[in-house]
Amino acid sequence: MKRAFLMILSMVIILSLTACGSSGEQSASTPPVQQPAEPQQPLSPEPEESPAAEPQPSAGGGKTLVAYYSATGHTAAVAEAIAQARSGDLFEIVPAEPYSSADLDWTNQDSRVSREHEDESLREMELVSSTVENWDEYDTVFIGYPIWWGIAAWPVDAFVKANDFAGKTVIPFATSSSSGLGESGELLAELAGTGEWLEGQRFRSSVSAADVTDWVNSLNLPAPEQTGNTAGNGNALVVYFSMPETTEPDNMTQDEEQSTVVIDGQVLGNTQYMAYVIQETLGADIFRIEPETPYPTDHDTLVDLAKEEQNNDARPAMAGAIENLGDYGTVFIGYPNWWGDMPMILYSFFDAYDFSGKTIIPFNTHGGSGFSDTLSTIRSLEPEAQVLDGLSISRNHIQDAEQEIIDWVNGLNLS
């Protein structure tokens, strides 16, 4: 379940979207490894979570698949952002013989990738699986890879050769620190021999989930098929605010450990993690609340700023907006407990939207304070909405709370 959940990710959206390797994509003369594609997120006063800008898919038709090969993680982060933006499914292309770090050392002429670069016959490989369940149902297929010596990393070739793209729109995307997409997309299209292949896009290693989403939206593809469960008078939306203290899993401070969840080496903020589990369980849409002016990433500084905002009854400006709130009958709203209250940006959020007639389901993470009085606060701010009691999880238990969250969501009887 955790593997499936993480593949939906993230980001940071998100993201925030998270990363992959040494620097991302490569050029013909640069390394064959791919680099990160994730937003860097700040921290939280009562350390509890992490962010990633989240795309907001619109309702419509046409199933989307995002197939990708990721050597070090950066292409995976972009793939997750695309899947979020299109309400799509993820398929990881995995060589039967995985590449080790030594295999990927392009500076060593005796390494696996160097030998495969010199001798094309060595690039023929088996995949763990090249069969996508319900392949015929996908109208749009994104194919992602790092750039290796100016072309697509060759594990992707095996996937392309194994599938029939007739009747599908295919969009390549690549990660690279310096080189462009080059002819990689055209070469894959020639290899496939079927499908309508669009031009595609190369992403730098530091790309944000929001930028990936903007690119996806610019393609003017048919609106993605909506897979979320309906609730009330519309689909469910998961909204969250999360501030992680780090995106690096190694050598964390105590504050950083308390603000994050690390799953298979990937760092998520506590509230972000809850949001992603809820979103995956329901197939819901997701939106991250982000400040217009980013919060500081130093723990003590952020704690002081949060207290100052609370003392001043501040309303921090938000970046981004929910354009289609009327489409949702049920809205999950998540946040950390800061100084016994919601972060003040949540007050900005409630000031900005009218939830009359909707069901609000709060969820939060905390360092010992639970919801405090925030449920009654939300009820007073949104008197025309139905506000359920929600779920609160301690930062000390969030790492192992996945099944608890799933059971809670499934017990809500939203349909």
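A few notes on this one:
- Checked against the criterion of being crowded, with 19+ Cβ neighbours inside 10 Å and in the same structural domain as D139 (by TED's automatic domain parsing), the candidates L181, L198, L187 yield just one match: L181.
- The listed residues are F363, F355, and the only one of them that is in a loop (DSSP other than H, G, I, E, B) and among the hydrophobic types (A, V, I, L, M, F, W, C) turns out to be F355.
- Of the helices (runs of 4 or more DSSP H) lying entirely inside segment 183-269, those containing at least 2 residues that are modelled with pLDDT of 65 or more and farther than 29 Å from W338 by Cβ are 184-192, 209-218.
- Scope segment 376-413; condition in contact with a helix residue (DSSP H, G or I) (Cβ under 8 Å, 6 or more places away or on another chain) and either assigned to a helix (DSSP H, G or I) or outside the structural domain of Y273 (by TED's automatic domain parsing) (or both); matching residues: I378, L381, I398, E402, I405, I406, V409, N410
- Pairs, first farther than 15 Å from N270 by Cα and in the same structural domain as V387 (by TED's automatic domain parsing) in segment 326-352, second surrounded by fewer than 24 Cβ atoms within 10 Å (Cβ to Cβ) and acidic (D, E), C-beta under 7 Å, six or more apart: M344/E309; F350/E382
- When residues of segment 94-113 are limited to those that are in contact with a Ser or Thr (Cβ under 8 Å, 6 or more places away or on another chain) and of a type in the set (D, E), the one farthest from W154 (Cα to Cα): D105
- Residue match in segment 101-111 (condition: outside the structural domain of D327 (by TED's automatic domain parsing), hydrophobic (A, V, I, L, M, F, W, C) and assigned to a strand (DSSP E or B)): no
- Filtered by the rule that a residue be in a helix (DSSP H, G or I), polar (S, T, N, Q) and more than 21 Å from A158 (Cα to Cα), segment 63-93 gives a lone residue, Q84.
- Summed over segment 334-377, residues that are buried (at least 20 other Cβ atoms within 10 Å of the Cβ) and closer than 25 Å to E402 by Cα total 18.
- Scanning segment 354-377 for residues that are among the aliphatic types (A, V, I, L, M) and within 27 Å of the chain's Cα centre (by Cα) yields I360, I361.
- Checking N324 against (1) out of contact with any strand residue (DSSP E or B) (no Cβ under 8 Å at 6 or more places or on another chain); (2) more than 30 Å from D214 (Cβ to Cβ), the condition it does not meet: (2)
The values are calculated or read from the model by the stated rules, or taken from the named source; none is laboratory data. Bear in mind the structure is a predicted one, so any value in this text is a computation, not a measurement. Methodologically, a virtual Cβ is constructed for each residue, glycine included, from the backbone with ideal geometry; neighbour enumeration extends over all protein chains shown.
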